[in-house]
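Notes follow once the structure below has been shown.
Laboratory data are not the source of any read-out in this text; all were calculated from the coordinates shown. Computed from a predicted structure; not experimentally measured. Here the Cβ positions follow ideal geometry from the backbone for every residue, glycine too, while neighbour counts run over all protein chains shown.
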Amino acid sequence: MPKAQETILEIDRSALTHNYNYLKSKLQSKTKFLAVVKAFAYGNDAEKIAKHLQWLNVDYFAVAYTSEGVALREAGITKPILVLHPQIVNFKTIIKHCLEPSLYNTNVLNAFITVANEEAQTNYPVHIKFNTGLNRLGFWESDVDYIINKLKATSSIVITSIFSHLAASEDANEADFTVNQIKSFKVIATEFLSKLDYKPLLHLCNTSGVINYPEAHLDMVRCGIGLYGFGNSANEDKYLKPIASLKSIISQIHKIEPNETVGYNRAYVAKTYEKTATIPIGHADGIGRHLGNEKGYVIINGQKASIIGNVCMDMIMVNITTINCKEGDEVIIFDGNNKATDLATSLNTISYEIITSISQRVKRSFIE
Ligand SMILES: *Cc1c(COP(=O)(O)O)cnc(C)c1O
């Protein structure tokens, strides 16, 4: 693999294929696979990732917001796209681009039916979201009759799926809660289906749900983080390959003397004769200020170099006093060996936040 010559997020399509096949291998052959590609496919590149997954014949996509779905359509994605969190103002755009809204309360249900009627739609595909304990979005079980009555009064929409979302599928300590969510969802779905004369898809599991709750795979699963190579535990991580490596380069090396300072606000003070390297990646690239002052680190020639002083907008300085390196050497922020999960753990956050924070300024480069 060529060494990085600037800051770059290198994305490995073969790792994406591996993760997709691994997650698929956990499913029964009839279970459909929905790939969650919201937030630029978790900070990677939604269009290229979705194209590869479409080529692998994934069944469905999901995004959070309408604009993300529009971008995928404009990039040539033809598979169905579920919009998890649309707003009423987007409903015309949704129909124009053949996107499928998640309808999660009476307001959005009624507004969507109105727009679908105005746009002369019949049997427009929509998805009904139920809340089973996450308490974020979703109808309650007590809303089933209300929804059914609305459906009977219109031919503009058809329910393509009924779904819910697990609150703690990664956490073995919360297994009782998760089992209860699964049970509640099955009760709601059974009641709903008994009042319809067709059968929507049922889905509930995210990545950790796929791995930990095979009895809840139902008709479809919704995987995000696993596709990108992370689970939510060491056990889940074992079989997945991080698809992205964030790399950079040493622009300049400085030798500093005791009591000299480094960076803005003079936040780092050298204790002895030290060496620092300046790297062209900063908070505008997704290396948050909280990584400064020796909370975060990078890897140079296999060794950890901690970030000293404050993170600047376009660069960081790291301590290389004990590292054998030179200007132009490659710097790894994370990759398949030095995982984003490790960086996340040292910052008290999760891999999701590290990878989705990489800003659009960082060039994406795909490798096979
Ligand atoms: C983001 C999201 C997912 C994907 O979850 P992962 O843990 O990344 O697999 C699935 N379903 C919903 C409703 C989501 O918002």
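Tabulated data
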read-out	value
Theoretical ellipticity at 222 nm over the chain - DSSP helices of four or more residues, -39500 (n - 2.57) apiece, nearest 500	-8500 deg cm²/dmol
Simple Cβ-charge dipole of the chain, Lys/Arg +1 and Asp/Glu -1, about Cα centre, in debye nearest 20	420
Straight-distance crosslink candidates among lysines, where the alpha carbon sits under 26 Å from K363 and sequence neighbours closer than 8 are dropped	K3, K38, K48, K51, K241, K247, K295, K304, K326, K339
Mean Cα-pair separation over length for the chain, i.e. relative contact order, pairs under 8 Å, 6 or more apart, %	19
Inter-part distance where the range 44-70 and the range 147-214 are each reduced to a Cα centre, Å	22
Whole-percent pair-distance distribution, where bins are 10 Å wide, for the alpha carbons of the chain	5, 22, 27, 21, 14, 8, 3, 1
FRET efficiency, S359 to A175 (Cβ-Cβ, R0 35 Å, nearest 0.05)	0.40
Global form of the range 244-367, assessed from the alpha-carbon gyration tensor, a/c cut-off 1.5	prolate
Relative contact order computed over the range 244-367 (Cα-Cα under 8 Å; 6+ residues apart), in percent	29
Stretch gain in nm, segment E327-T261, where the contour uses 0.36 nm per residue and the Cα spacing is subtracted	21.7 nm
Kirkwood-type radius of the range 31-228, with distances r between different C-alpha atoms, in Å	17.0
Kyte-Doolittle at least 0.0, axis length at least 27 Å by Cα - qualifying DSSP helices, the chain	175-194
Cα→Cβ-extended label distance, 7 Å offset, between Y239 and E215, nm	2.0
